[in-house]
Amino acid sequence: MNALRLLRGFNFMYFALLSMFITFLPVYLDDQGLQPAQIGFIIGTGGFVTIITQPLWGMISDKKKTIRKILLLLVLISSVVGYFLYSSSSFFLLILFAMLLYFFLMPIDPLTESLNFSVSEAAGVSYGSIRTYGALGYAVTSLLTGYVMSYFGAHSLALLFVCIGLISFLICWKMTDVPVTGKPVTLNSLKLFMSNKETLLFLLLVFVCSVPARMNDTYLGIYIRELGGSPELVGQAFFLAAGSEILVFALSFWWMRKGKELMLISIASVFFFLRFFLSAWITDPHMLAYLQIMQLLTFPIFYSAAIQYLYRIVPVEWRATGQTVLALLFFGVSGIIASYAGGFIYESYGAQTLYLSISALSFLGMLFGFILYWRYGRQK
């Protein structure tokens with residue numbers, strides 16, 4: 001039980017770091033005077049870095065048969081880099097430290113999720129009972145960061161980031177590693193996994209649904225500020241979004257069913273479409289913030305179902321790498337397109353056109369998901 005408590009605590013603190021990076025990096029860059037296209041360039045380039053670094057650390061974890069030691073290294077370096085990022089103002093330094101943080105912080109996500117799933121299986125508890133604490137950490141820190149930024153200035157985020165990072169490191173230091181599989185890691189097993197038609201179509205579905213979600217993550221804070229909202233309101237918006245995930249993750253043992261993952265992903269895509277379509281027509285920043293409570297019907301259902309589906313089809317010795325592939329699509333490849341294309345659309349045509357575009361893409365993802373369920377899900 002001590003292992004579960006430590007892992008839940010680590011989830012809380014790591015996702016607190018992630019909220020400061022994903023949620024407030026665009027807001028921080030906007031505060032430093034960067035334009036939407038420049039912000040999109042930094043975040044999009046970070047997506048290219050993620051494409052390299054997430055598979056790299058996933059492969060190292062599988063080869064070395066350890067997750068904890070890799071996490072210790074990544075958390076420590078990320079804490080230091082994050083401090084310098086939020087202390088910087090020049091365009092060159094912002095790019096440099098943002099790229100370094102993408103290199104060291106983003107690979108922690110798939111490794112943590114792999115640890116969550118393995119420990120939950122071994123302990124006989126639901127994945128959601130652990131992942132709930134990540135959603136709680138994301139929610140609480142989003143709210144806290146908004147107030148800290150408003151009352152103490154944007155550069156005060158540097159001290160907050162390094163403090164949370166060091167606490168994460170100490171918790172990880174006390175954690176134990178998960179048992180590793182006895183099966184050897186081979187390229188043939190990965191090749192077999194990646195050559196399966198159902199697997200490729202599933203990964204394509206994840207990609208199509210991820211692009212609009214990542215566009216919203218990147219530009220929502222800027223959109224709220226453009227409508228006249230404060231940094232506190234940005235924090236409140238992401239607090240509502242992440243906070244709404246808590247109940248969904250906590251009750252995953254009740255609603256998650258093996259063999260129904262594709263249906264759940266498709267249903268989540270329906271609500272992605274509705275959420276983004278409504279966002280395009282809202283002109284009041286507070287209403288836009290309150291709309292983020294629809295997160296409870298989108299991301300937690302989508303991501304939990306995708307992880308469970310992936311773990312049913314991936315070879316056991318490639319679980320960490322398989323989780324990395326999923327995170328790579330959601331945070332890496334999709335993030336590149338979301339940032340570059342989103343920045344161009346936002347700066348050239350405005351936020352309404354951006355949100356109408358991503359709602360249309362979510363609609364395509366919804367149709368694709370139902371087609372895959374009809375083709376594969378019903379058979380299972």
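The values are calculated or read from the model by the stated rules, or taken from the named source; none is laboratory data. None of these values were measured; they are calculated from a predicted model. Here the Cβ positions follow ideal geometry from the backbone for every residue, glycine too, while neighbour counts run over all protein chains shown. For accessibility, only protein heavy atoms count, side chains too; no ligands or nucleic acids. Shrake-Rupley method; radii C 1.70, N 1.55, O 1.52, S 1.80 Å.
Some observations on this one:
- Extension gain, Glu347-Arg375: 0.36 nm per intervening residue step, less the Cα-Cα distance, totals 6.1 nm.
- Membrane-span-like helices in the chain (whole DSSP H runs, Cα extent of at least 30 Å along the helix axis, mean Kyte-Doolittle hydropathy of at least -0.5): 36-64, 127-152, 197-226, 351-372.
- Å³ per residue enclosed by the Cα convex hull of the chain: 116 Å³
- Label-point separation in nm, Ala360 to Phe152, each point 7 Å along Cα→Cβ: 4.4 nm
- With Rh defined as the Kirkwood radius, the inverse of the mean 1/r over Cα pairs, the Rg/Rh of the stretch 192-262 is 1.13.
- Cα-based convex hull volume of the stretch 55-190 per residue, rounded to whole Å³: 117 Å³
- Accessible surface area normalised per residue over the chain is 39 Å², counting heavy atoms of protein chains with a 1.4 Å rolling probe.
- Two-site FRET efficiency, Glu198 against Asp284, from Cβ-Cβ distance with R₀ of 51 Å, rounded to 0.05: 0.70
- For the peptides 233-242, 66-75, the ranking by packing is 233-242, 66-75, with the highest mean count of neighbouring Cβ atoms within 10 Å listed first.
- Computing FRET efficiency as 1/(1 + (r/R0)^6) for Trp255 and Arg312, where r is the C-beta to C-beta distance and R0 is 22 Å, gives about 0.85.
- Between Asn2 and Phe207, the distance separating the two model label sites (each 7 Å from Cα on the Cα→Cβ line) works out to 4.6 nm.
- Only Lys, Arg (+1) and Asp, Glu (-1) charged, at Cβ; the chain dipole about Cα centre in debye: 1460 debye
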